[in-house]
Amino acid sequence: MLGEFSLIREYFQDQVPSDTLGVGDDAARIPVPGATQVVACKDLLIEGRHFFPDVDPGTLGHKALAVNLSDLAAMGARPLGYLLGIGLRTVQPDWLKAFSGGMVGLGRRFECPLVGGDTVRVSGEIVISVTALGTLPAGQTGLLRQAAKPGDDIWVSGYLGAAHIALSGLQGDTRVSRECLAATRSSLETPEPRVALGQALLGIAHAAIDISDGLAQDLGHILEESGCGAILRCADLPLDPRLDGLPQDLQIRAALTGGDDYELCFTAPASKRADLSRLSQTCGLALSRVGVIRKGSGLNVLDTNGRQMELQHVGFDHFRRDVNER
Ligand SMILES: Nc1ncnc2c1ncn2[C@@H]1O[C@H](COP(=O)(O)OP(=O)(O)OP(=O)(O)O)[C@@H](O)[C@H]1O
Ligand SMILES: Cc1ncc(C[n+]2csc(CCOP(=O)(O)O)c2C)c(N)n1
Ligand SMILES: [Mg+2]
């Protein structure tokens with residue numbers, strides 16, 4: 001069976017004009033007459049696959065919008081508004097009030113209103129589909145996956161691994177203490193989209209992507225699209241401090257391949273290190289240098305002793321067999 005990414009390339013890659021960015025990046029970019037370009041993206045959330053049936057509806061509303069704002073951030077775009085498609089089994093006013101409160105509340109923080117959508121009844125799982133729109137100045141390419149250059153530093157915002165540990169704890173796959181679960185749950189349920197950082201990276205960063213499927217896989221998309229290779233140093237990964245006390249190899253695996261982080265991974269030339277250290281201060285957000293882009297292909301992951309490390313899988317893929325064996 002085709003994997004998720006080959007499937008998209010094979011069946012959903014339409015031809016677009018040369019000044020338009022179509023399928024293949026964090027969001028599409030469409031020029032419109034006038035000074036700005038429209039940036040657009042969509043992410044689906046399905047009950048049982050992206051969230052548990054008993055999830056707190058307020059956090060679900062937040063996450064449905066947050067994962068899309070994260071894609072806009074990964075382009076360096078400024079949020080403009082969004083549309084919501086939702087399929088529900090029943091109308092439960094309390095659930096809907098909390099859901100819309102979480103979603104609209106997050107949108108307000110970024111001056112990004114709900115401007116339309118569609119609502120239907122379903123007999124099976126709840127389906128939530130958000131289409132987010134943003135803008136980029138005319139002539140600005142945005143932060144493309146194809147823009148990494150050999151010699152670039154690889155950077156990651158914030159901390160990695162907490163969302164996956166929370167998920168794994170809730171699923172009963174990993175023994176996670178009650179305290180650790182309580183502390184990490186917010187990373188899984190209410191990720192913070194790095195909207196201000198994304199826009200500030202225009203003119204500083206070359207390539208960017210948001211980490212939804214795991215750093216190794218998402219960085220892999222940058223490498224493939226840019227025709228480069230990379231070295232990634234586990235010793236420099238920003239492991240979430242809330243994971244202190246868990247086995248180190250588990251923390252590293254969560255950070256490399258867990259997913260659900262919604263931090264930005266970006267590349268920038270070494271000449272921008274001082275700018276990035278200032279930006280980290282002004283955004284109040286850790287920025288960590290975790291590796292380097294080089295000529296060639298493939299991701300070379302070095303363990304904490306500097307030795308080459310093999311990964312069983314690089315991240316989340318909806319159509320990989322073991323994801324579907326639950
Ligand atoms: N059914 C589809 N039709 C057209 N384009 C698609 C379809 N599914 C995905 N794409 C496009 O393929 C590219 C990669 O999509 P993908 O979902 O892997 O990226 P993402 O949304 O940044 O990541 P994630 O979904 O893990 O947050 C994007 O440009 C997306 O718009
Ligand atoms: C209940 C439940 N099961 C599994 C996961 C893990 N998960 C699902 S989709 C995805 C990648 C990003 O999604 P997409 O590629 O669809 O944008 C990840 C890491 C979860 N969050 N909740
Ligand atoms: Mg997607």
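The values are calculated or read from the model by the stated rules, or taken from the named source; none is laboratory data. Keep in mind it's a predicted model, so treat the numbers as computed, not measured. FYI the Cβ positions are ideal-geometry reconstructions off the backbone, even for glycines, and counts take in every protein chain you see.
Can you confirm whether Leu279 is part of a helix (DSSP H, G or I), crowded, with 22+ Cβ neighbours inside 10 Å and outside the structural domain of Asn68 (by TED's automatic domain parsing)? Outline the logic, then answer.
Working: part of a helix (DSSP H, G or I): yes; crowded, with 22+ Cβ neighbours inside 10 Å: no; outside the structural domain of Asn68 (by TED's automatic domain parsing): yes.
Judged against the criteria, Leu279 is not a match.
Going by the structure shown, is Leu96 more than 16 Å from ligand 2 (Cβ to nearest atom) and either part of a helix (DSSP H, G or I) or in contact (Cβ under 8 Å) with a residue 60 or more places away in the chain (or both)?
Details: more than 16 Å from ligand 2 (Cβ to nearest atom): yes; either part of a helix (DSSP H, G or I) or in contact (Cβ under 8 Å) with a residue 60 or more places away in the chain (or both): yes.
Taking the combined requirement at face value, the residue satisfies it.
Right, Ser70: touching a strand residue (DSSP E or B) at 6+ places or on another chain (Cβ under 6 Å) and not in a loop (DSSP other than H, G, I, E, B) or not? Step through it out loud before you land on a result.
Numbers: touching a strand residue (DSSP E or B) at 6+ places or on another chain (Cβ under 6 Å): yes; not in a loop (DSSP other than H, G, I, E, B): yes.
In short, yes.
Hey, Asp260 hits all of (1) within 23 Å of Asp43 (Cα to Cα); (2) surrounded by fewer than 23 Cβ atoms within 10 Å (Cβ to Cβ) but one; which does it fall short on?
(2)
Scan region 170-200 for residues that are in contact with a Phe, Trp or Tyr (Cβ under 8 Å, 6 or more places away or on another chain), buried (at least 21 other Cβ atoms within 10 Å of the Cβ) and not in a helix (DSSP H, G or I) and report the count.
3
If I ask for residues that are assigned to a loop (DSSP other than H, G, I, E, B) and among the aromatic types (Phe, Trp, Tyr), which ones from region 44-58 would you list? Spell out the reasoning first.
In the first step, residues of region 44-58 are kept if they are assigned to a loop (DSSP other than H, G, I, E, B); the result is 48-50, 52-56.
Residue satisfying the conditions is Phe52 alone.
Suppose we filter Val32, Val16 for residues that are on the phi < 0 side of the Ramachandran plot, at pLDDT below 90, surrounded by fewer than 19 Cβ atoms within 10 Å (Cβ to Cβ) and within 12 Å of ligand 1 (Cβ to nearest atom); which single one remains?
Details: Val32 fails: within 12 Å of ligand 1 (Cβ to nearest atom).
The unique qualifying residue is Val16.
Can you report the number of residues in region 73-86 which are under 17 Å from Asp26 (Cα atoms) and outside any helix (DSSP H, G or I)? Before you say what the answer is, go through the steps one by one.
Start the filter on region 73-86 by keeping residues that are under 17 Å from Asp26 (Cα atoms), which leaves 73-82.
With outside any helix (DSSP H, G or I) added as a condition, the list becomes 76-82.
Residues meeting the conditions: 7.
Let's see how each residue does on (1) more than 16 Å from ligand 3 (Cβ to nearest atom); (2) part of a loop (DSSP other than H, G, I, E, B); (3) not assigned by TED's automatic domain parsing to the domain that holds Leu83; (4) not small (Gly, Ala, Ser):
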site	(1), (2), (3), (4)
Val104	yes, no, no, yes
Gly107	yes, no, no, no
Asp118	yes, no, no, yes
Ile128	no, no, no, yes
Lys149	yes, yes, yes, yes
Ile154	yes, no, yes, yes
His164	yes, no, yes, yes
Ser168	yes, no, yes, no
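Within 16 Å of ligand 3 (Cβ to nearest atom), assigned by TED's automatic domain parsing to the domain that holds Ser280 and not β-branched (Val, Ile, Thr): which single residue out of Ala200, Ala208, Ala183 fits that description? Before the answer, list the steps.
Working: Ala200 fails: within 16 Å of ligand 3 (Cβ to nearest atom); Ala183 fails: within 16 Å of ligand 3 (Cβ to nearest atom).
Unique residue meeting the criteria: Ala208.
Search region 7-42 for residues being closer than 18 Å to Ala138 by Cα and in contact with a helix residue (DSSP H, G or I) (Cβ under 6 Å, 6 or more places away or on another chain), and hand back the single one that is farthest from ligand 2 (Cβ to nearest atom).
Here the answer is Val39.
Conditions (1) in a strand (DSSP E or B); (2) within 16 Å of ligand 1 (Cβ to nearest atom); (3) in contact (Cβ under 8 Å) with a residue 24 or more places away in the chain; (4) in contact with a strand residue (DSSP E or B) (Cβ under 6 Å, 6 or more places away or on another chain), marked per residue:
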site: Gln217; (1), (2), (3), (4): no, yes, yes, no
site: Ile222; (1), (2), (3), (4): no, yes, yes, yes
site: Ile231; (1), (2), (3), (4): yes, no, yes, yes
site: Ala235; (1), (2), (3), (4): no, no, yes, no
site: Arg242; (1), (2), (3), (4): no, no, yes, no
site: Ala254; (1), (2), (3), (4): no, no, yes, no
